[in-house]
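The values are calculated or read from the model by the stated rules, or taken from the named source; none is laboratory data. This one's a predicted model, so the numbers in the text were calculated from it and none came from an experiment. Glycine also receives a Cβ, built like all others from the backbone with ideal geometry; neighbour counts cover every protein chain displayed.
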Amino acid sequence: MILTVTINPLLEKVLYFKSLNEFSANRSYKEELKAGGKGINVSRQLNYLGVENLAFTFLGSNNGKDLRSTLTKEGINFTAIASKSETRWGTVIHNENDNSIKSYFSPNQELTEKEVTDFIAKLEKVIPNHSIIVLSGSSPCKEADRIFPAAIEIANNEDKIVVLDTYGDHLEECLKAAPTVVHNNVDEVENSLNINLKEDESKIDFLNNLYDKGVKLSFLTEGGKPFYSSKFDFNYKIFPKQVIVKDATGSGDAFTAGIVYGLHYSFVFDEFTKIAAALGSLNAESFDTCKVDKEKAMHLSASIEIESIGKRMKLIDDSPNY
């Protein structure tokens, strides 16, 4: 079973408009509440892939109650630590006239040292019961920055696979803790670590540096552009299919879900990397977040190309001789 961990969840209030007039009041014709946060998005996509999982998060005050109800309605299995401060919320404006989306977010919630300590204590109990631990999304506050590094240490001690997809001030400490798998996009890494990844060579160097830190599998994506990956010290360039983008929100989370799906079923690197890339592309084609159909992803994955860079892995024929 998979455990997804989201320490900065989001309650999305989506308002739908036929059109918008900037010089007058606008009234939506429909509204929805949706569950957000990167790890929760991963859980949703894993549900669509048929993979059993548990989402672990913080829930606070009235927004937390609404998010709890929304998770239940979506069929996302979850557990949570209560926080005194409100779960953050966002308003998403969907203008159907030009198919545009604008998002506005509240400040992050503030967590106390006790709430963080309680969260880590619960991680110590639940991590041993799961095979893959997914740590996704940003940290809401300085107090919470120690959660992901602690989770990696706990999981490593339990010999669990850790998939890390985060950014911000705590990223460096997370990488030092040596998760099994790392997924980031270029902008997140540049802004979090204050480094330049504009050149292809610098991207490869970054992946090699992750391997030196103990990361076994890494992915450095860049929207719909070709991206780089490494498996141990072997490097690859992946060419995703170009799509007409409607809303790229959650595409990185759909990608992460694809990696987890492949690891869960012990697929080979080429196979699950292509599935992950297909999930990310198809997610961007839709206004729904991380609800990509499994069969569509499998079909598209067959047309995605992977190119080996530098040294190549030697294949040994170990079939028996009679």
Exercise for review: With the condition kept exactly as written, say whether any residue in segment 206-216 is surrounded by fewer than 20 Cβ atoms within 10 Å (Cβ to Cβ) and of a type in the set (S, T, N, Q).
Suggested key: yes
Point to revise | Residue count, segment 204-256 (criterion: within 20 Å of THR289 (Cβ to Cβ) and of a type in the set (Lys, Arg)) | key: 2
Check your understanding: Can you tell me which of GLU86, GLU12 is within 30 Å of LYS114 (Cα to Cα) and in contact with a Lys or Arg (Cβ under 7 Å, 6 or more places away or on another chain)?
Key -> GLU12
Study note, to complete from the structure: Across (1) over 18 Å from ASP270 (Cα atoms); (2) in contact with a Gly (Cβ under 8 Å, 6 or more places away or on another chain), VAL162 clears everything bar (2)
Exercise for review: Please verify whether segment 114-126 includes one or more residues that are of a type in the set (Lys, Arg) and within 20 Å of the chain's Cα centre (by Cα).
Suggested key: no
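Just to verify a result, which residue in segment 16-35, among those that are among the hydrophobic types (A, V, I, L, M, F, W, C) and surrounded by fewer than 18 Cβ atoms within 10 Å (Cβ to Cβ), is modelled with the lowest pLDDT? Break it down into steps so the answer makes sense when it comes.
Here is the first cut: in segment 16-35, the ones among the hydrophobic types (A, V, I, L, M, F, W, C) are 17, 20, 23, 25, 33, 35.
Narrowing the set further to residues that are surrounded by fewer than 18 Cβ atoms within 10 Å (Cβ to Cβ) leaves 17, 20, 23, 25, 33.
On the way: PHE17: 95, LEU20: 93, PHE23: 89, ALA25: 93, LEU33: 95.
Per the stated criteria, the residue is PHE23.
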**Study point:** Close pairs from segment 175-192: first in contact (Cβ under 8 Å) with a residue 60 or more places away in the chain, partner in a strand (DSSP E or B) and crowded, with 19+ Cβ neighbours inside 10 Å, Cβ under 6 Å, at least 6 apart
**Key:** VAL181/VAL163; VAL181/LEU217; HIS183/ASP165; HIS183/PHE219; ASN185/THR221
**Study point:** Conditions (1) buried (at least 17 other Cβ atoms within 10 Å of the Cβ); (2) free of Cβ contacts under 8 Å to residues at least 24 places away in the same chain: number failed by TYR104
**Key:** (1)
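Look through LYS241, LYS274, LYS246 and report the one residue that is without any contact (Cβ under 8 Å) to a residue 40 or more places away in the chain and either of a type outside the set (A, V, I, L, M, F, W, C) or buried (at least 20 other Cβ atoms within 10 Å of the Cβ) (or both).
On the way: LYS241 fails: without any contact (Cβ under 8 Å) to a residue 40 or more places away in the chain; LYS246 fails: without any contact (Cβ under 8 Å) to a residue 40 or more places away in the chain.
Just one listed residue meets the conditions, LYS274.
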**Study point:** Selection status of LYS160, on the phi < 0 side of the Ramachandran plot and modelled with pLDDT of 95 or more
**Key:** yes
Review point. For LEU197, are the conditions met, namely being aliphatic (A, V, I, L, M), touching a helix residue (DSSP H, G or I) at 6+ places or on another chain (Cβ under 8 Å) and closer than 15 Å to ILE309 by Cβ?
Key: no
Check your understanding: Do any strands (runs of 3 or more DSSP E) lying entirely in segment 1-101 carry at least 3 residues that are over 24 Å from ILE147 (Cβ atoms) and of a type in the set (Val, Ile, Thr), and which ones are they?
Key -> 89-95
